Amino acid sequence: MKETAVAVRYAKAFIEVYKKSGDLDRISSEFSVMARLYSESHKLRNVIQNPAISLKVKEGILDDLAKKAGFDKDTSFALTFLLQNGRAQIINEVAEEFEKMVFAALGRVRVEVTSADELTDSDKQAIAEKIKENTGRDAVMDTQVDPSLIGGVITKIGSNVMDGSVKNQLKALRVGI
């Protein structure tokens, strides 16, 4: 819980610093890439969390990674800022909170859509339009396939889940009988 509160404070600070640049989308995307790299690379985590390695060396490693990935200097600065303040270990939480705030600022919402079959582009567009109609925000969809649903879709926006799957409807019928 404490880490989330700290992550929110850092994300708010980054929003304030970068909102005038007009690059919130790009910075959020780059930040998420670095957070994923940090999560997936045991070696990187060991180096960043090792107190025996100097801050200068750690900063150099992050700077090299950012340059190789083609990140903007603003993203590099944010990453270095976290490192210098001893908060590199919460980069995932900061990236997640930053994305939420960027989405709110840009009128977007992240939506998880699970369907029985692969969705067509027209299906995705129809779902996105319905979400825009209901939330007033543009949908950024993450889709996945779960054949056990039989048909229909499950849509998750934040903690709200709308289960329109055939599997759920059959389950409801069974309970009602």
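Look at (1) among the hydroxyl-bearing types (Ser, Thr, Tyr); (2) assigned by TED's automatic domain parsing to the domain that holds residue 10; (3) over 20 Å from residue 12 (Cβ atoms) and you find that residue 120 fails only one, number (2). For residue 51, all conditions in the list (1) part of a helix (DSSP H, G or I); (2) over 25 Å from residue 108 (Cβ atoms) hold save one; what is the number of the exception? So the condition that residue 51 fails would be (1). So, residue 143, is that one modelled with pLDDT of 95 or more and touching a strand residue (DSSP E or B) at 6+ places or on another chain (Cβ under 7 Å) or not? Yes; evaluated as a whole, the condition is true for this residue. For the range 46-58, the count of residues that are in contact (Cβ under 8 Å) with a residue 40 or more places away in the chain and either of a type in the set (Phe, Trp, Tyr) or under 30 Å from residue 156 (Cα atoms) (or both) is zero.
Taking helices (runs of 4 or more DSSP H) as the structural unit, those lying wholly within the range 61-177 and holding at least 3 residues that are out of contact with any His (no Cβ under 9 Å at 6 or more places or on another chain), surrounded by fewer than 16 Cβ atoms within 10 Å (Cβ to Cβ) and among the polar types (S, T, N, Q) correspond to 121-135. Taking the listed residues 61, 90, the one that is in contact (Cβ under 8 Å) with a residue 60 or more places away in the chain and either among the aliphatic types (A, V, I, L, M) or out of contact with any helix residue (DSSP H, G or I) (no Cβ under 9 Å at 6 or more places or on another chain) (or both) is 90, with no other qualifying. Considered as a group, the residues in the range 1-48 that are of a type in the set (Gly, Ala, Ser) and under 20 Å from residue 73 (Cβ atoms) include one that is surrounded by the fewest Cβ atoms within 10 Å (Cβ to Cβ), and that residue is 22. Output the residues belonging to the range 1-30 that are farther than 13 Å from residue 97 by Cβ and charged (D, E, K, R). 2, 16, 19, 20, 23, 25, 26, 30 - these are the residues of the range 1-30 that are farther than 13 Å from residue 97 by Cβ and charged (D, E, K, R).
The values are calculated or read from the model by the stated rules, or taken from the named source; none is laboratory data. A quick note: this is a predicted structure, and the numbers were derived from the prediction, not measured. Note that each Cβ is placed from the backbone with ideal geometry, even for glycine, and that neighbours are counted across all protein chains shown.
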